[in-house]
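Data first, discussion second: the structure below is written as structure tokens.
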Amino acid sequence: MNTLRAKLAILIAVVIVSVVSVSTGVLIYLFKPPDERQAIGPMAEQVQLLERVARVAPTLITIQEKSAGGETEADLTAWLRDALKARGAPRNIVVSRKNDLPLLSIPVDQGWIITQITDLPPAGGVFNLLLIWLAFIAFGAMAVALFFANRMVKPLVLLERAIESVGPDAMLPELAMTGPAEVRVAAKALNSLSSRLKVAVESRMRLVAAAGHDLRTPITRMRLRAEFVEDDEDRAMWLKDIDELAQIADSAILLVQEESGKPVSESLRLDTLISELVGELRTLSYDVTLTCSTTAIVRANRTGLNRAFRNLLINAATYGKRARVVVESTPSEAIVIIDDDGPGIPPDMLERVFEPFFRVSRARSKQFDGAGLGMTIAHEIVQRAGGNITIENGPLHGLHQIVKLPIEHTP
């Protein structure tokens, strides 16, 4: 009931039922349909007429041995007897209903004259008929309301489906411009928006890539000039700053390649990739330990996924002093958990951890080398593989990183 479709349907149905109910009430008030008392007079005349026919031409009337039976209408019977008595022709007539059919039983000398009453209101009176009428109107109004509500929210449903179908490249797929006019207009607007977004993103990527590429030439010249600095300490400081600039430029180009490229995916053993990467990092003097591993097969680009986990593990081992890795597997997901012993990240800054050039503090950025794009690149690669990364502070200290990737189900 909280959906817009349901609310619109209920609103339309209530409006239809209300209009019909008010209109029906006004008509009933104006035309005043007959009640049972108003039928007593014609019924008394009918009784007297049938009695005269039975006396004059008894062959024209069918005489029954007993009354019609059925459920006796006590009020109608009493009213009709009083009316006949007032006319000077008292009779012990009986008004009854048999199979919902109103019948009049008139006693005569030979037996009973039984006839159907045609002008008697239905059982329960007009009120019951009105309730049945309104019930049918309500069901019909609900069907009409659902049809129109569904038609009215189709553009919103189209927008919802378009958002859900956004791929790892954050681009909206092209939508078919078919169906009602509203849906076609919405699809056209979304396609136009997607096209403009794609152009803007590609322009940004080209700008970043061009800037990173163009920086390489002056960085190389600066490195050559720094080599001629006579003071060893000054030369080392210059070279360190230049290396950091080169690393930032290379990382920016790498980020653009990851966001704009279309890497080839393959089936690979995630547990094997993590084990080999841990061994490689340990040879490079990083304190990384694989504490538990379970077989997990995923589908992703091997080079990209290796780069993503390398960034995550180096980040944990560098800023968190040491990294402990666990590889788990469920029927639907492969899970890699990375814990470290670092100071963690302030809770209000956790949601910014994947932003480009993010730093927790300037002091840490001076203490450790890096361009500040490692986590951004890792996040982009994992998302393109259909997975996600969750980062939170550990219960005592350090960061708790959880990487989830969809399992590849082999036939």
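Some observations on this one:
- Restricting the range 325-344 to residues that are of a type outside the set (A, V, I, L, M, F, W, C) and in a strand (DSSP E or B), the residue that is farthest from ASN388 (Cα to Cα): ASP340
- The range 287-337, residues that are within 23 Å of ASN393 (Cβ to Cβ), under 33 Å from the mean Cα position of the chain (by Cα), among the aliphatic types (A, V, I, L, M) and at pLDDT 90 or above: VAL327, ILE335, VAL336, ILE337
- The conditions of being modelled with pLDDT under 90, under 28 Å from GLU355 (Cα atoms), within 36 Å of the chain's Cα centre (by Cα) and not assigned by TED's automatic domain parsing to the domain that holds GLU380 are not met by SER251.
- Within the range 384-399, restricting attention to residues that are in contact with a strand residue (DSSP E or B) (Cβ under 6 Å, 6 or more places away or on another chain) and within 18 Å of GLU333 (Cα to Cα), the residue that is surrounded by the fewest Cβ atoms within 10 Å (Cβ to Cβ) is THR390.
- The residues in the range 294-336 that are among the polar types (S, T, N, Q), in contact with a strand residue (DSSP E or B) (Cβ under 9 Å, 6 or more places away or on another chain) and touching a residue at least 60 places away in the same chain (Cβ under 8 Å) can be counted, and the count is 5.
- Odd one out for ARG364 among (1) part of a loop (DSSP other than H, G, I, E, B); (2) at pLDDT below 85: (1)
- Taking every residue in the range 337-366 that is in the same structural domain as THR291 (by TED's automatic domain parsing) and pairing it with any residue that is at pLDDT below 85 and among the acidic types (Asp, Glu), at least 6 positions away or on another chain, the pairs with Cβ-Cβ distances below 9 Å are PHE354/GLU380.
The values are calculated or read from the model by the stated rules, or taken from the named source; none is laboratory data. A quick note: this is a predicted structure, and the numbers were derived from the prediction, not measured. Glycine also receives a Cβ, built like all others from the backbone with ideal geometry; neighbour counts cover every protein chain displayed.
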